[in-house]
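Remarks on the structure that follows.
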Amino acid sequence: MNAGLYARVSTHDQQTLPLQLNAMRAYVQKQRWTPLMPVQEVGSGAMPRPKRDALLKAAHRRELDVIVVWRLDRWGRSLADLVVTLKALHELGVGFVSLTEALDLTMPSGRAMAGMLAVLAEFERAIIRARVHAGLAQARAAGRILGRPPSAAQHAPDVRALFAKGLSQSDIARRVGIGRTSVRCLLT
């Protein structure tokens, strides 16, 4: 089996990349798999991770049979992201192994654990949704105005008056402080 190895640290001063890669290489060797794509990435989970994306694309092209990570938090941005990517890999027939958590989705017990992760991800989304709704209710109770700021429509009388004077749409947009597209929409 061809294995992709994914190691990530959040900042340059973290020194665990060699530790992660050595553990993954040892596991892959023990399994008698072929390590094809050892990937190292430095960056926060919230930042774009192009090397992880390249690994996923290789999986989509069927170049990999399994992806090995040191820990789940090195792979997923959040529980929801983890579940989505694990489901996509499963649908492609690509295995996933996390060494620290002893999670191996190539085995039935690992797939059962992935099902439990999906339940937890749904729970996490529900909690976040409830917090957002509570925050919005509190803001409304405090008298805050929610939603988008007032649109360009409030400038309609000025736009029409300047257009009647013969100014171009670009000049009107600059004077009033709105976009040309907004000016055009107000004049039609």
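The values are calculated or read from the model by the stated rules, or taken from the named source; none is laboratory data. On a predicted model such as this, the values are computed, not experimentally measured, just so you know. Note that we place each Cβ from the backbone using ideal geometry, even for glycine, and neighbour counts take in every protein chain shown.
Can you find a residue that is closer than 22 Å to V119 by Cβ, among the small types (G, A, S) and part of a loop (DSSP other than H, G, I, E, B) anywhere in region 22-44? Within region 22-44, not a single residue is closer than 22 Å to V119 by Cβ, among the small types (G, A, S) and part of a loop (DSSP other than H, G, I, E, B).
Does region 90-110 hold any residues that are surrounded by fewer than 16 Cβ atoms within 10 Å (Cβ to Cβ), over 20 Å from the mean Cα position of the chain (by Cα) and not hydroxyl-bearing (S, T, Y), and which are they? Residues satisfying the conditions are G93, E101, A102, M107, P108.
Quick check on my filter: what residues within region 1-33 are of a type in the set (S, T, Y) and modelled with pLDDT of 90 or more? If the condition is that a residue be of a type in the set (S, T, Y) and modelled with pLDDT of 90 or more, then Y6, Y27 are the ones that fit. Based on this model, can you work out whether D81 counts as under 22 Å from Q29 (Cα atoms), assigned by TED's automatic domain parsing to the domain that holds Q20 and not hydrophobic (A, V, I, L, M, F, W, C)? Answer is no for this residue.
Per-residue answers, yes or no, for (1) surrounded by fewer than 15 Cβ atoms within 10 Å (Cβ to Cβ); (2) in a helix (DSSP H, G or I):
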{"position": "M47", "(1), (2)": "yes, no"}
{"position": "L56", "(1), (2)": "no, yes"}
{"position": "A59", "(1), (2)": "no, yes"}
{"position": "R74", "(1), (2)": "no, yes"}
{"position": "T85", "(1), (2)": "no, yes"}
{"position": "A88", "(1), (2)": "yes, yes"}
{"position": "L117", "(1), (2)": "no, yes"}
{"position": "F123", "(1), (2)": "yes, yes"}
{"position": "I127", "(1), (2)": "yes, yes"}
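Could you tell me whether A141 is surrounded by fewer than 12 Cβ atoms within 10 Å (Cβ to Cβ) and more than 30 Å from N2 (Cα to Cα)? Judged against the criteria, A141 is a match.
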